[in-house]
Amino acid sequence: MFVTGRLALLVALGVVPLVLLSTAGVPAWAVAGGWVLLCVVLAVVDTTLAADPRRVEITRTHPERALRDEPVAGELRVRNLGTRLLRARVRDAWQPTAGAPDERQRFTVPPGERRAAPLPLLPRRRGELRSAFVVVRALGPLGLAGRQGRVDAPARIRVLPPFTSRRHLPSRLARLRELDGNTSLQVRGQGTEFDSLREYVRGDDVRSIDWRATARAGTTMLRTWRPERDRHVVIVIDTGRTAAARVGDGVRLDAAMEAALLLSVLATRAGDHVHLLMFDRLPRARVTRVDGTQLLPALVDAMAPVDPQLIDTDWDAAFAHVRGFTVRPALVVLLTAADDPEAARAFLASLPAVASRSRLLVATATDGPGDTPVHRDASDVYAAAAIERARHDAERVAAAIVRAGGDAVSASADDLPPLVADRYLALKAAGRL
């Protein structure tokens, strides 16, 4: 049972008969007690005449998957299985990050009929959103009180990473087409494969002249080359405690996901095979042997429920999983924090074993130390010292990665995805992948 504001207002109106009857000599306690008793009786009668909320059927319609920060169009349907008119307020039990409206939905449903109302959501957090039940408040005909009940109606929506770095994809695909030979920018590089023959044009590299084809054709013929296909790109995302650090408007893990998605789509378009591993001490997500148009849905679906774990990453175990993806040399892209020498000690110790058999790229999302402030007071001096220390630490870790045989890049959360994609294209153009 519940009561509404109308009952409180009705009780307050008892002041009027209390004043009128008190002037007539009626005891005040008798007037007040009688009025309160009347209000209680009306509330009980109103509750008795209200529809039974347990005889209500709730159904939802909404997509099973949605993007973070994108509106989701849903609908809530209420069916009255009872014999009385249902005048109800319905509240869905989504968690706050689902972005459900705060106000309760109002329904007036005759017996045996169904009514529907829109229930828009705006998910603000990646992962699984769940709602186990709906609370129904059925009002009585007087609107003084009613009956409240919980109706089980389980629902689930998987909120996927938004892939905002998609906007960088067209420009990188244009550069990839140039490397693939769809334009005249075909060059010979180490590790490239033969593509086709064409006539020699002044300015071409004479080392690519095919003399046998020239003798057969009677004109100078040139071999053209394109970057090798069917290479392997292994993306490792650190989900340990450093992934929970705030970077930009989110955490480092979200920035790493954006970089991984852009690189994966680009590598797939280039004809390479992409493997994904999200790891701290256990594999949190793993995608392999998926190519073509099925890769992006598989990646975002695997990434969606993964959150940073407040533990240190076991890099020896992570690299053991990396070796299980392919026996051939590959490009291994590590998306982790590489700005603190102490935190990166175990990570750096494990790098040489990976760099000895694969090309290694370590990418870090960071806010950046910023510009050194003008020294006006003691706080500015300490801030400048902290900025210089952060720069020095990041440079030390990057130098250690280079000595171990890898390459290190760092940028803001927005700039990291295109930077990683550019490094991949540079390796393809140079024939080093």
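The values are calculated or read from the model by the stated rules, or taken from the named source; none is laboratory data. Since this is a predicted model, take the numbers as computed values, not measurements. Using ideal geometry, Cβ is built from the backbone for each residue, glycine included, and neighbour counts are taken over all protein chains shown. Side chains are part of the model used for accessible areas, which takes the heavy atoms of the whole protein and leaves out ligands, DNA and RNA. Shrake-Rupley method; radii C 1.70, N 1.55, O 1.52, S 1.80 Å.
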Using per-residue counts of other Cβ atoms within 10 Å, averaged over each peptide, order 84-90, 386-392 from highest down. 84-90, 386-392
One finds the C-alpha centres of the range 146-164 and the range 96-130 to be spaced, in Å, by 8
Give the angle, between 0 and 90 degrees and rounded to the nearest 10, that separates the Cα long axis of helix 345-355 from the longest principal axis of the Cα atoms of the chain. 50
Lys/Arg Cβ at +1, Asp/Glu Cβ at -1, dipole of the chain taken about the Cα centre: which of Val332, Thr214, Val45 is farthest positive-ward? Val45
Within the chain: Cβ-based charge dipole about Cα centre, in debye rounded to nearest 20 (Lys, Arg +1; Asp, Glu -1): 1520
I need the calculated FRET efficiency for the pair Ala320 and Asp407, taking r as the beta carbon distance and R₀ as 22 Å, to the nearest 0.05. 0.50
With a 1.4 Å probe and every protein chain left in place, work out the accessible area per residue of the chain in Å², rounded to a whole number. 53
The chain: relative contact order from alpha carbon pairs under 8 Å, six or more residues apart, as a whole percent, is 13
Sequence ranges 201-214, 266-279, ranked by mean other-Cβ count within 10 angstrom, highest first: 266-279, 201-214
Roughly speaking, what is the centre-to-centre gap between the range 23-73 and the range 249-307 when only Cα atoms are used, to the nearest Å? 49
Express in nm, to one decimal, how much length is gained between Glu75 and Ile209 on full extension, taking 0.36 nm for each residue of separation and deducting their alpha carbon distance. 41.6 nm
Distance (nanometres) between label positions extended 7 Å along Cα→Cβ at Thr48 and Asp102: 3.8
Using just the helices of the chain, give the 222 nm mean residue ellipticity in deg cm²/dmol: DSSP H runs with n ≥ 4 each add -39,500 (n - 2.57), and the total is spread over all residues, rounded to 500. -10500 deg cm²/dmol
With angles folded into 0 to 90 degrees, how steeply does helix 416-429 sit against the dominant principal axis of the chain? Use alpha carbons for both and round to 10. 30
Would you work out which of Tyr382, Val420, His232 lies farthest towards the positive end of the dipole of the chain, given +1 charges on the beta-carbon of Lys and Arg and -1 on that of Asp and Glu, about the Cα centre? His232
Tensor-based shape of the range 295-433 (alpha-carbon gyration tensor, a/c under 1.5 rounded, otherwise prolate or oblate): prolate
Accessible area of the chain belonging to carbon and sulfur atoms, whole % at 1.4 Å probe: 54
Could you tell me how many degrees, from 0 to 90 and to the nearest 10, lie between the Cα long axis of helix 252-269 and the main elongation axis, the longest principal axis, of the Cα atoms of the chain? 50
Mean Cβ-within-10 Å packing, highest first, puts peptides 123-134, 99-110 in the order 123-134, 99-110
Relative contact order of the range 51-188 (C-alpha contacts under 8 Å, at least 6 apart) in percent is 28
Which of Val290, Ser410, Val109, positive extreme of dipole for the chain (C-beta unit charges): Val109
